[in-house]
1. Any residue in region 182-204 that is part of a helix (DSSP H, G or I), at pLDDT 95 or above and in contact with a Ser or Thr (Cβ under 8 Å, 6 or more places away or on another chain)?
2. Provide a single number: the residues in region 154-167 that are out of contact with any helix residue (DSSP H, G or I) (no Cβ under 6 Å at 6 or more places or on another chain), surrounded by fewer than 20 Cβ atoms within 10 Å (Cβ to Cβ) and part of a helix (DSSP H, G or I).
3. What pairs come out if I take residues in region 142-162 that are over 17 Å from Ala222 (Cβ atoms) and pair them with residues that are assigned to a loop (DSSP other than H, G, I, E, B) and among the hydroxyl-bearing types (Ser, Thr, Tyr) whose C-beta lies under 9 Å away, six or more apart or interchain?
4. Do any residues in region 206-220 that are of a type in the set (Gly, Ala, Ser) have Cβ atoms under 8 Å from those of residues that are open to solvent by less than 20 Å² (accessible area, probe 1.4 Å) and not in a helix (DSSP H, G or I), where the two are at least six apart or on different chains, and which pairs are they?
5. Just to verify a result, which residue in region 131-141, among those that are open to solvent by less than 70 Å² (accessible area, probe 1.4 Å) and either touching a residue at least 60 places away in the same chain (Cβ under 8 Å) or not in a loop (DSSP other than H, G, I, E, B) (or both), is farthest from Lys52 (Cα to Cα)?
6. Taking the stated definitions as given, is Asp97 among the acidic types (Asp, Glu), under 27 Å from Phe283 (Cα atoms) and either assigned to a loop (DSSP other than H, G, I, E, B) or open to solvent by 50 Å² or more (accessible area, probe 1.4 Å) (or both)?
7. Would you check if Leu269 is under 21 Å from Ala175 (Cα atoms), open to solvent by less than 50 Å² (accessible area, probe 1.4 Å) and not in a helix (DSSP H, G or I)?
8. I'd like to check something: does region 72-88 contain any residue that is under 29 Å from His229 (Cα atoms) and either at pLDDT 95 or above or in contact with a strand residue (DSSP E or B) (Cβ under 6 Å, 6 or more places away or on another chain) (or both)?
Amino acid sequence: WADHPTMIDFIYVSHVERMLASAAFWKGLDLRSEKYQQQFPALNAWLDAFEKRECYLAFKSDYYTHVKDIPPQYGPGYDGGFEDERLLFQKNISGNDGKSWSLPLSFDDEVQPLYKGPPLPLCVLKAAGISGDNGELASEGTSYEKADPEQMAEACRQMAGWKLASNGSAVAKFAARGGPNGSRNPRKGFGAELADPYANSDEKLIPSVETALKSVCVALLAQGGPSSHDAALTEMKENLQTQISKDQSRDVASSLAYLRDRVGVPRDLPLASARQLRAHLNFAIDVLH
């Protein structure tokens, strides 16, 4: 037995991820839950071992991304199984439960465990001064389930803020496809529900969308703990109400929703940071509405 992942592990883990997402979303089965950890101990031990490696963050997706990209690859999913659990999991995965994509976020996710291993690149954890459950600063091979929730939330927010700030103008242009005059050009159709790479932007809306995203970015980058973040959210609310004209507020909100629904894991961010970006975009959307 190897003490490291082999090629066959790398080949299969993404398929197992899709299985986990499919089972939860369409059948109401949470195979990472305590019940199924006892029923499938080897499966969960294998996944836990993968998650303790930093390299896994580079290609580990989340259930939302999977359920959006599975149908064009494998065909449509069909609802069934454990109905009550299925409805709960679908709302959680799609951000429609009022919790999983809404502020304030819980420390961990109810369906997708975030801290079985490093939730962020080790360099980010090191910069934030976050140690693993083994007591070592920014180390792999350990979980982060005992990390300080506020310290971890701030690190996750800041990574999302860094990514957004690094390409803000292009992100604003992309988001403006969600405006009333965006996505109207004839374009090739794609099997993936949210894929429209040739869509155009609502050019007149781009400056206002960029203004809104700057306010979101400031809130994500706030330092100093919960009080500083709360103050940044208050500032974001005031800025959105004063800097976005009322005749454009719903169109800007539509653009932010377009962006929120297309935040991909891991393409854009690890899940621990992506959920922060989605939740802050939802906060801005609520203000604009």
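1. No: zero hits.
2. Initially, region 154-167 is screened for residues out of contact with any helix residue (DSSP H, G or I) (no Cβ under 6 Å at 6 or more places or on another chain), giving 154, 158, 162-163, 166-167.
Among the residues that remain, those that are also surrounded by fewer than 20 Cβ atoms within 10 Å (Cβ to Cβ) are: 162-163, 166-167.
If we keep only those that are part of a helix (DSSP H, G or I) too, we end up with 162-163, 166.
The total comes to 3.
3. Ser143/Tyr115; Tyr144/Tyr115; Glu145/Tyr115; Lys146/Tyr115; Ala147/Tyr115
4. Hits for this filter: Ser208/Ile244; Ala212/Ile244.
5. Ser131
6. Details: among the acidic types (Asp, Glu): yes; under 27 Å from Phe283 (Cα atoms): yes; either assigned to a loop (DSSP other than H, G, I, E, B) or open to solvent by 50 Å² or more (accessible area, probe 1.4 Å) (or both): yes.
It is true that Asp97 is among the acidic types (Asp, Glu), under 27 Å from Phe283 (Cα atoms) and either assigned to a loop (DSSP other than H, G, I, E, B) or open to solvent by 50 Å² or more (accessible area, probe 1.4 Å) (or both).
7. On the way: under 21 Å from Ala175 (Cα atoms): yes; open to solvent by less than 50 Å² (accessible area, probe 1.4 Å): yes; not in a helix (DSSP H, G or I): yes.
Here the answer is yes, as Leu269 does meet what is asked.
8. Taking region 72-88 first, the residues under 29 Å from His229 (Cα atoms) are none.
No, region 72-88 contains no residue that is under 29 Å from His229 (Cα atoms) and either at pLDDT 95 or above or in contact with a strand residue (DSSP E or B) (Cβ under 6 Å, 6 or more places away or on another chain) (or both).
The values are calculated or read from the model by the stated rules, or taken from the named source; none is laboratory data. As the structure is a computational prediction, the values presented were derived from the model and not from experiment. Cβ coordinates were reconstructed from backbone atoms using ideal geometry, including for glycine residues, and neighbour counts include every protein chain displayed. Side chains are part of the model used for accessible areas, which takes the heavy atoms of the whole protein and leaves out ligands, DNA and RNA. Shrake-Rupley method; radii C 1.70, N 1.55, O 1.52, S 1.80 Å.
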